[in-house]
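Let me begin by presenting the structure, written as structure tokens, before commenting on it.
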Amino acid sequence: MIKRLSVLLFALALVAAACGDDSGDSATTTTTGDGQATTTTADGATPTTTGGDTGQGGGTLAAVKARGVLNCGVSTGAVAFTEIQPDGSATGIDADYCRALAAAVLGDSEAVVFFPTTAAERFDVLKAGQVDVLFRNTTWTASRDTDVGLDFGPTTYYDGQGLMGPSNRFSSDSGPADVDGAILCTNAGTTTEKNIREWASLGGASISLETVENFSEAMDAFIAGRCDLVTTDASGLVGEKISRELSGEIEVDEWVVFPTSPISKEPLGPAYRQNDSEWGDVVNWTVYSTFIAFEKGMNSTNVDELRAAAGTDDGDPEIARMFGDASPEIMAALGLDADAFYNVISQVGSYDEIFDRNLNPVGLFREGGLNDLWTEGGLIYAPPFR
Ligand SMILES: N[C@@H](CCC(=O)N[C@@H](CS)C(=O)NCC(=O)O)C(=O)O
């Protein structure tokens, strides 16, 4: 049984070490095209693992199995995505995908240590080998995929950037002209910063952008009136708004999120060190297993029934393959136990189950949107399991 609080404190200490001054005398910090801090050695090479754990180029699957616990990088707190609990555990769609990966690799969805990371430090923490994967509302971009040295898995939430301000000054139709001269706040090391500057400049607006370490500080500044608006992924804005409305902290619709069409594309999903294809396959197929379950109307409640039926003449052969009951060689080739994806669905659930459990309570729904199944006009689609 994991002692969550002490583990979290340990995790925080490791993260702090990763981002502190002790990364090596010859290290320098530079900024990539995507605004991310990257650490390079004096000769400009990306350092390999500092912790002797895993590094660029492979080995993460074996390292996680040997350790018996998944080190999962999450955010410091984003409503419905990662909410760190006092005992060090976490809830939210990102936290649930950490659990799904632990269920696949270790057979136990609770075998996870959550590492809260700020946006600016997350990629250094990952590249230093201190986490095995990031499920941290991270947008897949070209420069992160290349320059920053990451690989990305299937998008688990299709998002887009918005702005939020008081509804007595802004409306859902507000645009660049309405924010001219305004002070906007967000967290540093994000796509958010780049997008908002571009949007304002293209729209002819002059804005003042204040960046802070954690998005919660941006919210504090907004509430205290030090910023006119906050901006980030729309899911984050809606989460902040609805959770405060529900707690009575603000009136219903005291704040408005705009514009109606987001100002950017923010496909959020898992990120891991590049050139570790074995680990990439495991992360990707874990996510896909939740999509396939969604396609088949299978969830943690009916999984046993559908698995049993899959073995019969009129059962679904893809379910039998995905659960290792047929074609166990696929699971073996993935380096996983035959019932790895059964563990995912039975212990954590299908995509729709994970989505609804975490996002519906703050007013985020998938029906009819990008996060719906491809057969319903959405973008949630998995390659065939065969
Ligand atoms: N998706 C964007 C933004 C990610 C981001 O930092 N979002 C905020 C707002 S939801 C967040 O994670 N806040 C929690 C924190 O600061 O740790 C990116 O990948 O750069």
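Read-outs throughout are calculated quantities, based only on the coordinates presented, and are distinct from any laboratory measurement. Everything numeric here is computed off the predicted structure, so don't read it as measured data. Here Cβ is always computed from backbone atoms with ideal geometry, including for glycine, and neighbour counts include all displayed protein chains.
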To the nearest 500 deg cm²/dmol, what mean residue ellipticity at 222 nm is calculated for the chain from DSSP H runs of n ≥ 4 alone, each contributing -39,500 (n - 2.57), summed and divided by the residues? -11000 deg cm²/dmol
Placing one equal point scatterer on each C-alpha of region 161-264 and summing with Debye, one gets log10 I(q)/I(0) at q = 0.18, 0.20, 0.25 Å⁻¹ equal to -0.78, -0.98, -1.61
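Based only on Cα atoms, what mean projected area does the convex hull of the chain have, in nm²?
Details: hull surface 78.0 nm².
Averaging across all directions leaves 19.5 nm² for the Cα convex hull.
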Output the relative contact order of the chain, whole-number percent, from Cα pairs under 8 angstrom with separation of 6+ residues. 20
When ranked by the protection proxy of mean other Cβ atoms within 10 Å per residue, highest first, what sequence do the peptides 156-166, 242-252 form? 156-166, 242-252
Calculated SAXS-style log₁₀ I(q)/I(0) at q = 0.24 Å⁻¹ - region 101-179, Debye, Cα scatterers: -1.20
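Using alpha carbons only, what's the Rg to Rh ratio of region 212-346 with Rh from Kirkwood?
Taking Rh as the inverse mean 1/r over Cα pairs, Rg/Rh reads 1.16.
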Using the Karplus curve 6.51 cos²θ - 1.76 cosθ + 1.60 with θ = phi - 60°, work out ³J(HN,Hα) for each residue of region 164-178 in order, rounded to whole Hz, and write x for Gly and Pro. 9, x, x, 6, 7, 10, 10, 9, 5, 8, 4, x, x, 4, 6
Hey, any idea what the orientation-averaged projected area of the convex hull of region 293-386's Cα atoms comes to, in nm²? 6.4
